Amino acid sequence: MTQSPKRVFITDCEGPVTKNDNAAELSEAFIPQGDRFFAKISLYDDYLAEVVRRPGYKAGDTLRLILPFFKAFGLDYETMVRFSGREIAVIPGADVVLSRVVEVLPAYIVSTSYSPYIEEVCRALHFPIENTYSTAVNLDDYSLSEAERTTLVELHASILNLPDFIIPAAATSPEDLPADGRETLARLDEIFWTDLPRLDIYRIVEEVNPIGGREKARAVTEIAAKEGVDLSQVLYVGDSITDVEAFRLVKAGDGMALSFNGNDWAVREASFAVTARSAEPIGWIAALFAASGPAGFEDLMMEAITPSSISGISKKSSRVRKEVRTEKIGSLG
């Protein structure tokens, strides 16, 4: 009897496993008008990573750009840990799904989130912390002078006062953005790449390495090597721009890149896209992947039937019907 190839399950945390955006929630709780502040920096992150592709920058580096501001407004490591532990919101069914997956596949979490949050999630869901990758940071390792605190508070106010901007879906350069958006982005460039580097606290930006973009792809490569599997035997679940590089890597290796309730960035790069209010579909897909690998998804389709989609669905359904049931039987009414 031929033994099935070994396969590996890898998932992002925030989105497929938890509802949180821990960094956004920390910002809202500890930085004045932190929700607006984080949203603006997060969109700037998208712009740097996928529009201008700034050298040395990767999706998810928002998490290092905001660290000086956490220091300026008094956040410390112990408070970060306590806050992260009590604010965990699990996607319905994700705890059961993960427990089932680890019974049939080596399972890993690869997350851009700060490590204190991921450690708390692992405790809550009884997931092995040694099978995780996340952004290591300890705010207490860095000191901040009062003069620099004052400067950061002023820069925080400047960022909030900048006009909001959007990134058109087809944007590939700054010229594709509205004029007011280009002005905001030019000022953000000045703040983060000229003003902040003059401060001693900028060391925290230089030293913390968020696990996003190419770092997630690197983690996937490392996991595959550790488990002794080809990328074609990897199922990777993600939902955001920080997963794009991992999606591209897994797809190039003929593996399975699954977008779960993904944003535009994730959906464009995924092998399959699933939307659901619980994590149960991830469990079904993981079970199918464990049994059949990527071949199990060659003709898989579940799509709402609408007047505009019915023709395409019918054609694919008829083709697969004939392949499965033979041409003769499949052609019957």
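Rule-based calculations on the coordinates, nothing more; no lab input. These numbers were taken from a predicted model, which means no experiment stands behind them. Because the Cβ atoms are built from the backbone with ideal geometry, glycine has one as well, and the counts that use them run over all protein chains shown.
Short version: ³J(HN,Hα) in whole Hz for each residue of region 41-52, in order, from phi by Karplus 6.51 cos²θ - 1.76 cosθ + 1.60 (θ = phi - 60°), x for Gly and Pro, what are they?
Working through the residues one at a time gives 5, 5, 5, 4, 4, 4, 4, 5, 7, 10, 9, 8 Hz.
Which FRET efficiency value, to the nearest 0.05, is calculated for Asp76 and Thr150 with the Förster distance at 25 angstrom and r the Cβ-Cβ distance?
Numbers: r = 19 Å, r/R0 = 0.76.
For Asp76 and Thr150, the calculated efficiency is 0.85.
Counting only C-alpha contacts under 8 Å and six or more residues apart, can you give the relative contact order of the chain as a whole percent?
Numbers: 488 pairs, mean separation 75.4, N = 333.
Reported as a whole number, the value is 23 percent.
Enumerate by residue number the trypsin sites (Lys or Arg not before Pro) in region 230-296 meeting two conditions: DSSP loop (anything except H, G, I, E, B), and at most 10 other Cβ atoms within 10 Å of the site's Cβ.
Details: sites: Arg248, Lys251, Arg268, Arg277; in loops: Arg277.
Hits after loop and neighbour filter: Arg277.
Along each of the three principal axes of the Cα atoms of region 84-226, give the extent in whole Å, ordering the values from largest to smallest.
Cα spread of region 84-226 along its principal axes, largest to smallest: 52, 42, 32 Å.
Based only on the alpha carbon positions, what is the Kirkwood hydrodynamic radius of the chain, in angstrom?
Working: mean 1/r = 0.0464 Å⁻¹.
Evaluated over the chain, this radius sits at 21.6 Å.
Mind ranking 228-241, 288-301, 72-85 by how tightly packed they are, going by the mean number of other C-beta atoms within 10 angstrom, highest first? Please report the intermediate quantities before stating the final value.
Working: 228-241: 22.1, 288-301: 14.8, 72-85: 16.3.
Packing order, densest peptide first, comes out as 228-241, 72-85, 288-301.
Return a whole-number percent for the relative contact order of region 100-226, with Cα pairs under 8 Å and 6 or more residues apart as the contact set.
The value is 32 percent.
If you add up the charges near Glu25, with Lys and Arg at +1 and Asp and Glu at -1, over every other residue whose beta carbon is less than 12 angstrom from its beta carbon, what do you get? Mind showing how you got there, number by number?
On the way: positive: Lys19, Arg86; negative: Glu14, Asp21, Glu28, Asp35, Glu87.
The answer is -3.
Between Lys251 and Leu288, what length in nm is gained on full extension when 0.36 nm per residue of separation is reduced by their alpha carbon distance?
Result for the pair: 11.6 nm of gain on full extension.
Would you mind checking the pairs Lys216/Lys251; Lys6/Lys251; Lys40/Lys71; Lys6/Lys216; Lys6/Lys322 and listing those with alpha carbons more than 25 angstrom apart? All intermediate terms of the calculation are to be shown ahead of the outcome.
On the way: Lys216/Lys251 14 Å; Lys6/Lys251 18 Å; Lys40/Lys71 19 Å; Lys6/Lys216 21 Å; Lys6/Lys322 31 Å.
In this structure, Lys6/Lys322 exceed 25 Å between Cα atoms.
Could you work out [θ]222 nm for the chain from helices alone, using -39500 (n - 2.57) per DSSP H run of at least four and dividing by all its residues? Round to the nearest 500 deg cm²/dmol. Please report the intermediate quantities before stating the final value.
Details: 16 runs with 159 residues, N = 333.
After summing the helix terms and dividing by the residues of the chain, the value is -14000 deg cm²/dmol.
Where the only charges are on Cβ atoms (+1 Lys, Arg; -1 Asp, Glu), what is the dipole of the chain about its Cα centre, to the nearest 20 debye? The partial results should precede the final answer.
Working: 34 positive and 50 negative charges, 318 e Å.
Computed charge dipole of the chain: roughly 1520 debye.
Projecting each Cα onto the charge dipole of the chain (Lys/Arg +1, Asp/Glu -1 at the beta carbon, about the Cα centre), which of Leu249, Tyr77, Leu48 comes out farthest on the positive side?
Value: Leu249.
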